[in-house]
Amino acid sequence: MTGLVPLAEMGTQGLWLGLLVLLRVGAALFALPGLGESWVPARLRLVLALLLSAAILPAVTATLPTGSPTLALLLRALATETVAGLFLGVMLRLFVFALQTAGTIAAQATSLSQLLGTAAADPMPALGHVLSVAALALLMATGFHVKAAGYLILSYDILPPLALPDPAILAQVSRAEVSRAFALAFSLAAPFVILSALYNLTLGFINKAMPQLMVAFVGAPVITFGAVALMALVAPTLLAVWLAQVDHFLSAPFR
């Protein structure tokens, strides 16, 4: 019977380390693009969290604490690892928000904000919905689950386990990432803003030359067709630029 004691201790230690990883992975998965969407069933997300934790555990075992689990350590892990996981997931979710913001800017600039409809949980213009769905599909097709596992492994060097992150550092990093997300959104929406400026400038010249002409009624179909055609032309480039930014962030987080 005494020979089973070391085996039981090894099993307890393994379960404890697995729980530490699961707390961070589960919290991050709640906000990760694609894997953490509201339309993904909760049971599937639980299975994904367990699988990701099992894949990550061997790579981060050396960074995890090797003490005996206690109630105090468990409470500390619930606080620190959950905060770290949510922070990591939200920072990556900002790239989806950037794409949705770009779609909203483009739709407002080209008078397409009321075109068609959307079945998404969050209301957004059709352009933003199309870009978001296409981006998530592209992300999944390029092996996002593998990249997400690598991102979470790298996070243990940035946010050590059982260490409460400094709120000042989190605020500084969050501000920088939000600024980068808005800059990316404006960059992606730039072609549509330029089209809108040219359209309004042209309408101004036409209205000056022919004041009796109802330029708004004449120009509405033109801007609608032009925006849809521009969307078809630049969407592959926009998605490629967005994916490159996501890949760069996943390979070198917060740099």
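Yes or no: the stretch 58-71 includes at least one residue that is surrounded by 15 or more Cβ atoms within 10 Å (Cβ to Cβ), modelled with pLDDT under 85 and either more than 23 Å from Leu154 (Cα to Cα) or of a type in the set (D, E, K, R) (or both). Yes - at least one qualifying residue is present in the stretch 58-71. Just one of the listed residues (Phe95, Phe87) is farther than 19 Å from Leu159 by Cα, modelled with pLDDT of 90 or more and aromatic (Phe, Trp, Tyr), namely Phe95. Tell me yes or no: at least one residue of the stretch 229-246 is more than 23 Å from the chain's Cα centre (by Cα), under 22 Å from Gln108 (Cα atoms), among the polar types (S, T, N, Q) and surrounded by 11 or more Cβ atoms within 10 Å (Cβ to Cβ). No, the stretch 229-246 has no match at all. Restricted to the stretch 184-203, and to residues there that are aromatic (Phe, Trp, Tyr) and at pLDDT 90 or above, the residue that is surrounded by the fewest Cβ atoms within 10 Å (Cβ to Cβ) is Phe186.
The residue that is nearest to the chain's Cα centre (by Cα), among those in the stretch 127-145 that are at pLDDT below 90, assigned to a helix (DSSP H, G or I) and of a type in the set (Gly, Ala, Ser), is Ser132. Selection over the stretch 106-126 of residues that are surrounded by 14 or more Cβ atoms within 10 Å (Cβ to Cβ) and either at pLDDT 80 or above or more than 15 Å from Val228 (Cβ to Cβ) (or both) gives a count of 8. Do we find that Ala148 is farther than 30 Å from Ala62 by Cβ, in a helix (DSSP H, G or I) and modelled with pLDDT of 85 or more in this structure? The answer is no for Ala148. Taking the numbered list (1) under 30 Å from Thr63 (Cβ atoms); (2) surrounded by 15 or more Cβ atoms within 10 Å (Cβ to Cβ) in turn, Met140 passes all entries but (2).
Being more than 12 Å from Pro161 (Cβ to Cβ), of a type outside the set (A, V, I, L, M, F, W, C), part of a loop (DSSP other than H, G, I, E, B) and in contact (Cβ under 8 Å) with a residue 12 or more places away in the chain: is that true of Ser53 here? So Ser53 does not fit the description; no.
The values are calculated or read from the model by the stated rules, or taken from the named source; none is laboratory data. Please read these numbers as outputs of a predicted model, since none were measured by experiment. All Cβ positions, glycine included, derive from the backbone under ideal geometry; neighbour counts span all protein chains shown.
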